[in-house]
Amino acid sequence: MKELYYTGLIFFCLGSLMLFLHRLVSSAVGHLATYMGEPTPLNNSLYIPSVLFIVTGIVLISLYVFNKKKKI
């Protein structure tokens, strides 16, 4: 049953890392484009995989907590 918790934790951490890196890169690209004088439209649909990873991690962790409380 601990595998559910660990899997959820890995999904949550990977999703958070993906979201952080996407925000970091999009900010850098935005600053670079502004510096060069060419506005660059950023695609917000790229946030979807990282948000899905985070939601999946939260669901798996909550299933583990629910099952652990149910057994007690």
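For the reader, a short list of remarks on this structure follows.
- Solvent exposure ordering (accessible area, 1.4 Å, most first) of Ile10, Ile61: Ile10, Ile61
- Stretching Ala28 away from Leu52 to a fully extended chain increases their span by 6.3 nm, per 0.36 nm per residue minus the current alpha-carbon distance.
- Protein-only accessible surface order, largest first, of His31, His22 at 1.4 Å: His31, His22
- Helix axis angle, 2-36 relative to the chain longest principal axis, alpha carbon, degrees: 10
- Exposure ranking of Tyr64, Tyr5, Tyr47 by accessible area [1.4 Å probe, largest first]: Tyr5, Tyr47, Tyr64
- FRET efficiency, Val59 to Ile10 (Cβ-Cβ, R0 22 Å, nearest 0.05): 0.95
- Amide H to amide H, with H built 1.01 Å from N, Leu42 comes under 5 Å of no residue 5 or more places away or on another chain.
- In the context of the full protein assembly, Ser27 retains an accessible surface of approximately 50 Å², using a probe radius of 1.4 Å and ignoring ligands and nucleic acids.
- For q = 0.19, 0.26 Å⁻¹, Debye-computed log10 I/I(0) when each Cα of the chain counts as one equal scatterer: -0.75, -1.02
The values are calculated or read from the model by the stated rules, or taken from the named source; none is laboratory data. Note that the structure is predicted; figures quoted are calculated from it, not measured. In this analysis, Cβ positions are derived from the backbone assuming ideal geometry, glycine residues included, and neighbour counts consider all displayed protein chains. Side chains included, ligands, DNA and RNA excluded: accessible areas come from the protein's heavy atoms. Shrake-Rupley method; radii C 1.70, N 1.55, O 1.52, S 1.80 Å.
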